[in-house]
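The values are calculated or read from the model by the stated rules, or taken from the named source; none is laboratory data. As the structure is a computational prediction, the values presented were derived from the model and not from experiment. All Cβ positions, even for glycine, are placed from backbone atoms using ideal geometry, and neighbour counts span all protein chains on display.
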Amino acid sequence: MKQEYGTKPGQDISGASTDTNDPEVIANQSALGKESIIPWSTLMSIVQGTRDEILLLTEDSNIIFANDAVLNRTGLTLDQIVGKSCFEITHHQEPCQPSYDACPVAECLKKSNASSTIVHTHINENGNERFVEVKAEKIEGHNGEIQFLHISRDVTEQKKAEEQLRQVRHIRGIGKVASWAAHKYNQFATVIGGYADLVMMGLEEKHPAKNDIQTIIDANNKAAALTEQLLGYASKQTLNPKEVNFDNLINDIKEVGIKLDLGATNSLAKLDKEKFMVNMKNLIAYLREIATAESVISVHTRTITLQDYDQSQLLPAGNYIELTASCTEIDPKTDKKTHLLDPSSSASNLTGLELPALCGFVRQSGGDVLEQRIESSQTVVLTIILPCI
């Protein structure tokens with residue numbers, strides 16, 4: 001048996017004998033059954049073959065053993081790990097942080113439970129959080145001492161997927177309310193605008209109230225545009241889709257300071273051209289709001305197949321056009337926890353519905369929108385996926 005695992009033939013990972021002639025093993029056979037004695041090589045193959053990280057700990061949380069999954073992630077040898085506290089390996093700080101995360105080993109001790117399973121936050125070498133599901137089992141060592149089997153599984157991607165699903169449900173729930181509110185307000189706005197126009201028509205050219213009435217009309221028109229955004233957010237707009245050459249459409253934006261890289265040559269999409277252009281200009285306006293003097297705003301297009309697109313699970317397989325709009329070196333005042341597609345994440349001079357309306361429009365057009373934030377370069381990326389025809 002390999003000595004680097006901190007054991008020798010005839011011992012399990014806690015130091016207990018596996019020799020079938022050992023009195024302790026024989027005494028346990030009444031509970032385990034003779035056929036359940038697992039050969040040492042098989043046991044170690046299981047322990048070393050799993051992707052789950054396995055630690056054997058003392059009652060004081062010091063490491064006795066670590067499997068290959070732990071060694072591979074940390075880049076350390078077993079000799080470098082044995083004797084350290086578990087939080088030095090899993091959190092790179094002490095004690096377990098953040099403080100609101102319960103320690104599974106402490107839970108076993110505190111509640112006298114034989115086992116405890118929780119979702120815990122671990123910190124990697126770079127200080128980034130990762131989510132793990134940890135199961136701690138209290139076991140008895142060879143000499144009767146308390147030990148803990150600490151098994152952890154990385155569930156970071158699962159947590160991200162759950163958060164994305166929560167955001168989708170949140171947005172769709174708000175969208176239903178937004179649709180109802182927009183329709184109701186449109187009824188009032190029609191009356192307000194109609195009567196304001198009638199009053200304006202009845203006034204003389206130099207009447208002192210004319211400017212006030214025009215202010216009412218202008219405000220009502222802005223409110224009508226806002227309700228259109230609400231309907232877009234709820235994916236309830238009335239669309240007039242037509243076949244368009246997508247790259248030609250993007251090229252018509254002609255915004256100053258925008259870097260275009262168009263690779264969806266001759267690809268056609270079926271879109272409401274007018275509403276798409278409004279939404280794209282709102283997207284660029286938002287990116288300008290969060291940009292700094294050093295920022296680069298770019299728009300890139302290409303054609304993809306969904307099988308190659310591993311981020312979206314909401315669209316059927318097929319050929320798509322991908323538009324990626326990004327802004328580097330964003331304003332550090334921009335809250336890292338905000339979501340661009342959330343109406344509450346509004347830039348200062350915008351209503352907050354510009355990007356949610358874009359998202360609703362794209363989904364109503366058979367596509368999807370994804371948001372990504374790259375912390376290392378302070379970059380935000382918004383990806384629009386639309387079906388090719």
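Output the residue which, of all residues in region 114-134 that are in a strand (DSSP E or B) and polar (S, T, N, Q), is surrounded by the most Cβ atoms within 10 Å (Cβ to Cβ).
Here the residue is S116.
Tell me which residues, restricted to region 292-316, are aliphatic (A, V, I, L, M) and at pLDDT 85 or above.
The answer is V296, I297, V299, I304.
Please determine whether any residue of region 72-81 is assigned by TED's automatic domain parsing to the domain that holds E140, among the aliphatic types (A, V, I, L, M), modelled with pLDDT under 75 and within 17 Å of S152 (Cβ to Cβ).
no
For region 266-275, indicate whether the set of residues that are at pLDDT 90 or above, among the aliphatic types (A, V, I, L, M) and either farther than 21 Å from E354 by Cα or not assigned by TED's automatic domain parsing to the domain that holds V381 (or both) is non-empty.
yes
Provide a single number: the residues in region 282-305 that are hydrophobic (A, V, I, L, M, F, W, C), in contact with a strand residue (DSSP E or B) (Cβ under 8 Å, 6 or more places away or on another chain) and without any contact (Cβ under 8 Å) to a residue 60 or more places away in the chain.
5
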